[in-house]
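A short write-up of the structure that comes next.
The values are calculated or read from the model by the stated rules, or taken from the named source; none is laboratory data. The structure presented is a predicted model; accordingly, all values stated were derived computationally and were not measured. Quick reminder, even Gly has a Cβ in these numbers, built from the backbone with ideal geometry, and neighbours come from all protein chains shown.
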Amino acid sequence: TKHYDFTDLVLLSPLSQQLGLSGSIDSMFSLELQAHYVLAFFDKYLRMEDSGFLSEPSPSPELTIKQR
């Protein structure tokens, strides 16, 4: 992915990929993955409801989680 894959721009313009603003991953798939991870993060740390999603292996081979 690229920077603009983390915004709604990829949904608004099919030109974003042609202009090199987004990566090769499917835009809807990318946004769905982001939504799952953001929801799991807030559920775990704000609602104190750990689904285990954040500690499980990635559900997609396209996704690699790096921790610092």
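Quick rundown of the values:
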item: Residue in the range 20-35 that is modelled with pLDDT of 80 or more, on the phi > 0 side of the Ramachandran plot and in a loop (DSSP other than H, G, I, E, B) present; result: no
item: Test: residue in the range 43-57 that is surrounded by 10 or more Cβ atoms within 10 Å (Cβ to Cβ), modelled with pLDDT of 85 or more and among the basic types (Lys, Arg); result: yes
item: Matching entry among Leu39, Leu33, Leu54 (being hydrophobic (A, V, I, L, M, F, W, C), touching a residue at least 24 places away in the same chain (Cβ under 8 Å) and either out of contact with any Pro (no Cβ under 7 Å at 6 or more places or on another chain) or within 23 Å of Thr7 (Cβ to Cβ) (or both)); result: Leu33
item: Scan of the range 44-61 for residues that are under 15 Å from the mean Cα position of the chain (by Cα) and aromatic (Phe, Trp, Tyr), ordered by number; result: Phe53
